[in-house]
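The block underneath contains the structure these notes are about, expressed in C-alpha cells.
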Amino acid sequence: MRVLFLAYAHERGLRADAGGHRKLWELAWALAARGHEVRVLYPRLPGHAPLRSVPCRAYPVLDARWLRPLTAYLAMSAGAWRLGRGWRPDVVYFRSGANVLPPLVARTLGAAPVLEVNADTLEFHEVEGVGALTRWVWRTLEGVNARRSAAIVALTPGLKRMLVSRYGVPEARVRVIPSGTDVAHFAPGDVADARRRLGLDPAAALVGFVGIFYRHQGVPTLLEALARLRAGGVAVAGLIVGDGVPRAEWEARARGLGLGGAVTFTGQVPYARVPACFAAMDVVAAPFTAGRGETSPFKVLDAMACERAVVASDLASVRPLAEASGALTLVPPDDPAALAAALGALLADPARRAALARRAREFVVARHAWDKIGEALAAVLAEASRDPRAG
C-alpha cells in the first residue's frame, strides 16, 4: 500500500517537532516499518526538517502571518498532485483543518482521502477567543472535508460522536485510533541526572507540566494548587515546560501567588530534552480546563511512557485512558483545592507513586507504542483504499 502524508504547520513560532506535526512522521515511520511505501510532504520553513527516516519532500511556504496558511495549502496540494502523478498513492492522509484541497487532489489521483481529526476545533477556538466568523468558516470547511473523505480517523470516541452528530458522517466511516508515543524516546530516566542538567534542586519535591501554552491547558489551576500546597507547609516546586501566548500572563500569576522563586518556566524545549524534563518531575499534572473540549491527551501518554505518576482533569477525553490503564489520578477540572489534595497525597506516598508510574509505563508500551498504532492504522487505510470513492 502506498500512503502520502500531508504535513503542515499553521502557528508561527511553534517548534517543528511539536505535537501533531511530529505525529504524522511517526505514523509514516510505523507504516514503513510494516512494509508499506510512504511519502511525507512537509513545509519548507525555518527549523522544519525530516523527523523520521522516511522518503519525503519539502514544499515552499511564505512565512508571513496571512500568507503562511494560504501558501502552505496551495503549495502542499500542488506538491501532492505533482508527486502523485508518477507515484500513484493509494491513500492521501491529512489532518483536520480549513484546507479543502487534499480530498480533491486525492480524488484526482484515484486515491482515498483519509482525514485525521485530533480535536474539536470549534470548542478549541471558542476557548481561545477566536471570532465567530472564523469559527463558522472552520466549521463549514471541516464539514466539507469530513463528508468528502473515504475514511476518518478520530483520536477519541467523543470525536467520533461529534463528527457523526455535527456533520452527518456515517458511523461506519469513522474509526477510533488513539494517539501514540515513542516508548524508546519517552522512557524512564535518572531523576538526579535530569535535575542536574536542568539546574534544579535534587532534593525538592517537584510537580511539572509539559505542553503548548493554550488556555485550555489549565496551568493557572496548577499554579494555585502549588500555592495552596506551599501555604500548607509542603516544600514543593513547579516546572512548567512549554511556551505560547499566555506565558507572560501565567508568569505574572505565579509571581502574584508568591511562587516567583518556586516555579520555573523553561520556554520551549527541544524534543530531545523533553524526556529529561519528565524524569525530573515527581508528579506530572495535566490540569485541563472544563472547556478544553474533546481532544487526545497525547502529552499524558508521553508522561506515562516516562514512568511518571500523572494527575489529570476528569474529562470525557481523559477518562477512558484512566479507566483502561488504572494508572491516572483524576480530579475535577478547574478545582485548585482538589488538584492540590491529589498532588499532596502522591508526593507523600512514594510507594504508591512508583506503583502508578510503573503501571503507566507498562500500559503505554502495550497499547500506545507507535508500532501498535501503525498496525491499527494500516488496517483502516487498506479498507479505505479498496473503495476510494466512498464519501
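The values are calculated or read from the model by the stated rules, or taken from the named source; none is laboratory data. Remember, it's a predicted structure, so these values are computed and weren't measured experimentally. Cβ atoms come from the backbone with ideal geometry, glycine included; neighbour counts cover every protein chain shown.
Numbers at a glance
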item	result
Qualifying positions in region 234-261 - surrounded by fewer than 17 Cβ atoms within 10 Å (Cβ to Cβ), small (Gly, Ala, Ser) and at pLDDT below 95	ALA235, GLY260, GLY261
Test: residue in region 77-89 that is closer than 29 Å to PRO297 by Cβ and either touching a residue at least 12 places away in the same chain (Cβ under 8 Å) or surrounded by 15 or more Cβ atoms within 10 Å (Cβ to Cβ) (or both)	no
Only one of ALA98, ALA78, ALA146, ALA58 that is closer than 25 Å to LEU377 by Cβ, assigned to a helix (DSSP H, G or I) and not assigned by TED's automatic domain parsing to the domain that holds ARG215	ALA146
Residue under evaluation VAL365, criteria (1) in contact with a Ser or Thr (Cβ under 9 Å, 6 or more places away or on another chain); (2) in contact (Cβ under 8 Å) with a residue 12 or more places away in the chain, criterion not met	(1)
Residues that are surrounded by 24 or more Cβ atoms within 10 Å (Cβ to Cβ) and of a type in the set (A, V, I, L, M, F, W, C), drawn from region 293-319	VAL300, LEU301, ALA303, MET304, ALA305, CYS306, ALA309, VAL310, VAL311, ALA312
Options LEU163, LEU115, LEU141; residue that is within 27 Å of GLY84 (Cβ to Cβ) and assigned to a strand (DSSP E or B)	LEU115
Sole exception among (1) more than 30 Å from ALA316 (Cβ to Cβ); (2) in contact with a His (Cβ under 7 Å, 6 or more places away or on another chain) for ALA237, by number	(2)
Qualifying residue in region 189-209 (condition: within 16 Å of ARG95 (Cβ to Cβ), within 21 Å of the chain's Cα centre (by Cα) and outside any helix (DSSP H, G or I))	no
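Residues checked against (1) of a type in the set (A, V, I, L, M, F, W, C); (2) assigned by TED's automatic domain parsing to the domain that holds ALA231; (3) surrounded by 17 or more Cβ atoms within 10 Å (Cβ to Cβ):
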{"residue": "ALA324", "(1), (2), (3)": "yes, yes, no"}
{"residue": "LEU328", "(1), (2), (3)": "yes, yes, yes"}
{"residue": "PRO332", "(1), (2), (3)": "no, yes, no"}
{"residue": "ASP335", "(1), (2), (3)": "no, yes, yes"}
{"residue": "LEU347", "(1), (2), (3)": "yes, yes, yes"}
{"residue": "ALA355", "(1), (2), (3)": "yes, yes, no"}
{"residue": "ARG361", "(1), (2), (3)": "no, yes, yes"}
